[in-house]
Amino acid sequence: MNLKRLTTNDFNLLIAGANIYEKKLRDKDFLIIFKNKNNNEIDYIEVKCRKYNFMHLTGVLYKNNGNVNDIANFFYNLILSNRLNINHCYYKQDGTTNIKLEILSQIFNFPYNASMIGDYNNAKPRLFTKKLCGGISCCVGFANGNNSFLYPNTTLKEDIRKISSKISPIILICKKNQNEEKYNIITKKGKLLENVVLPKKILELLSEELITQL
């Protein structure tokens, strides 16, 4: 397999993206609340962002001569310690890597600027994800892990309206650190928030201090 090595520019985008991910997403949990257009009810998903998710969002292939079992964590640790070698980083042959690297900085702001959420409509071959969250220029996809939570598993330079079904407006996004019990920080308030009453099942996930801010 003849792989092409990352350009210096795209390698720099990768490093910059990792630094943004470390600051804004790593070890954070997000509660995304939306108005379900199917039944007009208020619904939500919970998303967990961990360091092993980062590599899958970049589209970068990492290859060296060593035998690394936990490649995603290893890759992320190399970046954060300034030890990642550009000679070990390659483009995927499907042509998506440079597109993903281009939008990383925008994608990693999804807790602060995403406006819509929807179910992935299987518009793209070989893409497996469940929920999409974003806007008209790009979106992030979430898939199930080994529990009931969702994890980021793809990034797309696409209008979410074209690759999603059951699209709903986002009402509120909150965050917490992974070791905290309740969501305690608001990152995004949608325009519909003032017109809805959050159900008990959602209020139980929020800290008392956050509830007073609604």
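Using the 2.2 N^0.38 Å rule of thumb for compact globular proteins, work out how segment 1-82 stacks up: its C-alpha Rg over that value, please.
1.44
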Charge tally in the Cβ shell below 9 Å around Phe30, where Lys, Arg are +1 and Asp, Glu are -1, Phe30 excluded: +2
Long-range HN-HN contacts of Lys28 with modeled amide H, under 5 Å: Cys49
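To one decimal place, what Kirkwood hydrodynamic radius in Å is obtained for the chain from all pairs of distinct Cα atoms? Show your work: numbers first, answer last.
Details: mean 1/r = 0.0554 Å⁻¹.
It is 18.1 Å.
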Alpha-carbon radius of gyration plus Dmax, which is the widest Cα pair, for segment 99-144 in Å: 10.6, 29
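To the nearest 20 Debye, how big is the dipole of segment 76-214 about its Cα centre, given +1 on the beta carbon of each Lys and Arg and -1 on that of each Asp and Glu? The partial results should precede the final answer.
Details: 19 positive and 11 negative charges, 74 e Å.
For segment 76-214, the charge dipole is close to 360 debye.
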Highest-fluctuation residue, Asn177, Asn113, Asn39 considered, GNM on the chain with Cα pairs under 10 Å: Asn39
Mean residue ellipticity (222 nm) of the chain, computed from DSSP H runs ≥ 4 via -39,500 (n - 2.57), nearest 500: -7500 deg cm²/dmol
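Too long at a 30 Å Cα-Cα cut-off: which of Lys92/Lys189; Lys131/Lys201; Lys92/Lys188; Lys4/Lys175? Mind showing how you got there, number by number?
Details: Lys92/Lys189 37 Å; Lys131/Lys201 20 Å; Lys92/Lys188 34 Å; Lys4/Lys175 38 Å.
Lys92/Lys189; Lys92/Lys188; Lys4/Lys175, as the Cα separations exceed 30 Å there.
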Environment charge of Gly118, counting only residues whose C-beta is closer than 15 Å and scoring Lys/Arg +1, Asp/Glu -1: +4
Geometric extent, Cα atoms of segment 29-156 - Rg, Dmax (angstrom): 15.9, 54
Spin-label pair Arg161/Leu203, simplified geometry with 7 Å Cα→Cβ offset, distance in nm: 3.5
Amide H contacts under 5 Å for Ile185, placed H, 5+ residues apart: Lys175
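In percent, how large is the relative contact order of segment 88-214, given Cα pairs closer than 8 Å and 6 or more residues apart?
On the way: 202 pairs, mean separation 25.2, N = 127.
The normalised contact order for segment 88-214 reaches 20 percent.
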Among Ala18, Ala143, Ala114: highest mean-square fluctuation, GNM of the chain, C-alpha pairs under 10 Å: Ala143
Local electrostatic count at Ser137 - Lys and Arg +1, Asp and Glu -1, tallied over other residues with Cβ under 9 Å: -1
GNM flexibility winner over the chain from Val196, Val140, Val60 (Cα, springs under 10 Å): Val196
Cβ-derived FRET efficiency at R0 35 Å, Ala72 paired with Asn184, nearest 0.05: 0.80
Percentage relative contact order, the chain, counting C-alpha pairs under 8 Å, at least six apart: 23
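No lab work stands behind these numbers, since they all come straight from the coordinates. The model shown is predicted, which means the values in this text are computed figures rather than measured ones. Positions of Cβ are generated from backbone atoms using ideal geometry, with glycine treated the same way; all protein chains shown enter the neighbour counts.
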